[in-house]
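Working notes for the structure below.
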Amino acid sequence: MVVSIQLGEFVSCTYGARVWADIMKQLDIVDEWHHEWLTTSQNPESLMQKLLMHTCQVVHATSHDVGRAFGRFMFKDLSGKGYRQLMDLAGRNLIDFIMNMNAFLMHAGAGITTFIPSNIVAKKVTGMSLELHYYSPGHNSNNSFIGSWVVGFLEAVARDVLDTWAHFKLLTSRHNKSGDHEAWMVTFPKVLNQPFFHGNVQKTKSNNQPERPACALDAALVQEVLPYHMVLDQNLKILQAGKCLQRSLPDEFYYGGTIHVKQVFEISQPFGVSWEYEALRVMDEEKHGCLLIQSKLDASVKIKGSLHVMQLPDGSPGLLYCGVPHFRSLEELKASDTYLSDLPSHSCGYDIAFMSVDKSSLAKVLETEKADLAKMTQMLQKQTSQANESVAKLKASLAEALELQHSFSGKEANRKPSFDAESPADKTLRVIEDIMLGEEVSMKDVVEVRDAIILSGGDLRQPQHLSSKMRTMTMDREVNKSLFMMLAMKGDAEELSDSEGSECDDIDRLIHSLSMEGEALTAQEPRRGRRQLLGGGNSLGTLDRDSAFPSKRASVGRRASLVASTTMPGPVLNILKGPNEQVLRVLSKIDDWQFDAFELNEVTEGWPLSTLGFAIFNRCGLLPGRFQINQVRLACFLHHIEAGYRDNPYHCRIHAADVLRNMYVILTKGDIIHSVFPEDSQDLFLLSGLLAAIVHDFDHRGVNNDFLVKTSDPLALLYNDRSPMENHHLSSAFSLLADDQRNFLKNMPLKAREVFRKQVIDMVLSTDMKQHFAQTSLFNTKVLSSPAIQALLNKGQQHSSFRRRTDMSMIMDTSTSNADSRSRLGKIQSMKKIGPSMRLNKNTMMTLDEEMKGLVLQMSLKCADLGHLASPEPVHKRWVQRLEEEIFCQGDAERKAGLPVSPLMDRQKGGVSKSQEGFFTIVAMPQYQSFCSVFPLCNPMLAAVKANYDMWLALSKKTHP
């Protein structure tokens, strides 16, 4: 019963939830909201009285105080449920409201009329007072709370609806047996008591106003206009009835028979009123409000109306009853065999019918939402239970974890460690994610995370003890030291010091790290010829040295094209004229995952970058495209950029063309652009990625950043030793772009230009190998671990044992053979396969924020920058040969400057070719593995990297059996 629930809310809100719980406990009710006996009780009013009595006992209050408080609460509750507007319109003043309160209680429904019968009578009404009589028949006659409820309700109405006050003085009470009902003297501020008034303008009948002539209404018209009326004589016999009401009368009425009203109808409300003429006449005088009658022949027929004293044609007194069907739903209307056409057109029946439809629809919606909430509640309860179980297990094993810590440490010290690419941040996030998913957490993992954070030295994104783990691999000390310096790893530097110590100690004090592949090399000495550069101990002696570095024009001639002039340089005209058939044949291969940039350099006669750049811009629809790119300005820009690449063995225009081609195929064939970026911004981010690849090594000096720092080069001073080379690439390239003759982005909107510049800067700066671990860790934790990507991977997983992280120890476990290592790598590769149906879609794309999208572009350029690792084996070896030569050049420059020669840079010792196994293990494989896990269409690139990795492993095994 709704009132029972409202009573529980009233007690809980007014006196506290604990009071209501105590009442329920006293009555031995487990759950007051769902227990069946609240709704199936044959005497719910008695139950309500029992609940209220217990409330009085618990809070030590009188029934009058509790009843009044309940009435005020019900007013507030009904106001919140949409009845406030109905109360606002119930009457102009307190007198009107009390006169109409019976009808209001019937409208409010919700079980109120069961607990509070609508039997309120106003007597002795004056402009400042009235007597309020409340009758409660039957089993409610001893309920001392009901009248107090009415008083509390009317007090709230006076205060909050009518903005006035009312004072109630008890005259008679059933509680002390002073009467058979309750009565109060109600006083209030003076109310204008005129025949009728509207607002503040009083209207009275003038003494000299002529009488209007009386008009007699035709009986047929009355039956049509008032289809539910009936006329009663003084003996309450039915003399006349409306056309619809006649259906409820016996047949003898049609043949002139006499029918007493109580033979056909019974009075449902007000309670206790019977078919007696005098009582009904008094109801009209007292403006009782409404009379609800019900057919004895058909209980579904209920008529709600009012009684009026009238004079019959023969001069005798009579009663006129005017009503309308009373129904709360269309189902009730249908059950009474009533149609909307039966309702008088001037009544509110149509409105009530449509309100009933809305209420029914809303009820269905609420039922659906209730069912959904129930399911969600059940699911949340299950998840809560699982979480509680996990927490309990974690707490129970916490002491065990602390005890096992020393034991684990001792065992680990005696075991040959494997390479683990996870940083402390990755380990921590992995354990937290397992806890959130309700999975069992290994105590070893917990101890490992704890130790990782304590021993991290503040850098949570760098793998732990990387130097000591590298020592266990099959690489010599020179290789370990070189990789250690390149990746700018902190801590444990003393582990890599020479046994003699002095020279390497000086190096460690001078520099923190050296960056081989991601940085680059250019000596400050005069340029050497090709034959000079090929001298020295190149470990790839079996390669064709004559084909390693094709002849190029003199650098003086190349620099001459940089001089600004009014005439257009020949290479620019060649770009605009278009490629010849030989160049077109090579360009037709740029959509393949493997490409030979040296071949493109040969057919373009030394201009591979500008030729490829212009062709890719054209192929991608960027000319003129959305940003109205001027082709002449673009050609001039590409020409000047390519001319600005120095003749370094490795970081040259051929390398820039190779990186551009790699970036193009990753962004397009790898579906990065269409999967990650909205359609309206794809051109902008594609253009950003391509330009970043074009300028990423512009005007490279051929030496790495650490050489610039330790020689106090102007670039290091300018950029405060922080990525001086990368900052120089960007600054020089954007300076060229600022020139009007080369500003091909002149028509790009300002906002787009800001986004474009930011993305290019972030991408080029990410190529600094000092940032490698930070970039890779951020990509793993922000992109690879994002909910959208994880949902996609989980949907496409082929093995139940596959987890979010890549267990790099399975790939690089140096405690076992290389063959076993390759076997484990192959196993993980097979676990990572994702079919074409698992491509990222727009829904996934939209869940990546701007920072994550930027990380995707940065990782794309990092993979493209190391793209020669995925080249065919001969091309890859040719690039390694060039890299080794460039590093030897820096070693020569260091020796000439009186500096200690950096590891792997001494021509008299082995070069970078013997470091490839370690570089693949520590840098390349984890990077490509993470990237291709998110973008599986790039798996051919990963497979090619793995093929070259296997080649170096086999070569290492052959060299060091």
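Could you order the peptides 850-860, 741-751 from most to least packed, using the average number of other C-beta atoms within 10 Å per residue? Could you put the intermediate results ahead of the total?
Numbers: 850-860: 20.4, 741-751: 15.6.
The packing order, highest mean first, is 850-860, 741-751.
Sketch the reach of a paramagnetic label on L86 as a point 7 Å from Cα along Cα-to-Cβ, and name the residues of segment 293-310 whose backbone nitrogen lies under 19 Å away.
293, 302-306
Could the peptides 81-92, 294-305 be put in order, highest first, of the mean number of other beta-carbon atoms found within 10 Å of their residues? Spell out each step's value before the answer.
Working: 81-92: 14.3, 294-305: 17.5.
Final packing ranking: 294-305, 81-92.
Quick one, what does Rg over Rh come out to for segment 574-691 if you take C-alpha atoms and the Kirkwood Rh? Don't skip to the answer; put the middle values down first.
Details: Rg = 13.9 Å, Rh = 14.6 Å.
Rg/Rh for segment 574-691 comes to 0.95.
Which whole-Hz ³J(HN,Hα) couplings does segment 890-899 yield from phi under the Karplus relation 6.51 cos²θ - 1.76 cosθ + 1.60, θ = phi - 60°, glycine and proline marked x?
5, x, 4, 5, 5, 5, 5, 7, x, 9
At Q582 and T126, where each label point lies 7 Å from the Cα along Cα→Cβ, what is the point-to-point distance in nanometres?
Those two pseudo-labels are separated by 12.2 nm.
Taking 0.36 nm per residue of sequence separation and subtracting the Cα-Cα distance, how much length would be gained by fully extending the chain between K334 and D445, in nm to one decimal? Write down the numbers at each step before the final one.
Working: separation 111, 0.36 × 111 = 39.96 nm, distance 6.96 nm.
That pair, K334 and D445, stretches by 33.0 nm at full extension.
At a 10 angstrom cut-off on C-beta neighbours, averaged per residue, how do the peptides 722-733, 896-907, 372-383 rank from highest to lowest? Provide the component values of the computation, followed by the final result.
Values: 722-733: 20.9, 896-907: 19.1, 372-383: 10.2.
Put in order of decreasing packing, that is 722-733, 896-907, 372-383.
Under the 0.36 nm per residue contour assumption, what length would be gained going from the current alpha-carbon distance of T384 and R281 to full extension? Please list the in-between numbers first.
Working: separation 103, 0.36 × 103 = 37.08 nm, distance 6.60 nm.
Additional length available on full extension: 30.5 nm.
On full extension of the chain, what length is gained from L312 through D65, given 0.36 nm per residue of separation minus the C-alpha to C-alpha distance? Spell out each step's value before the answer.
Values: separation 247, 0.36 × 247 = 88.92 nm, distance 4.92 nm.
So the extension gain works out to 84.0 nm.
Hey, with R₀ at 51 Å, roughly what FRET efficiency would E9 and Q263 work out to, going by the Cβ-Cβ distance, to 0.05? All intermediate terms of the calculation are to be shown ahead of the outcome.
Working: r = 44 Å, r/R0 = 0.87.
FRET efficiency, E9 to Q263: 0.70.
Values quoted throughout were computed directly from the atomic coordinates according to the rules given, and no laboratory measurement underlies them. Small disclaimer: the values here were computed from a predicted structure and weren't measured. No Cβ is skipped: glycine too gets one built from the backbone with ideal geometry, and neighbour counts run over all protein chains shown.
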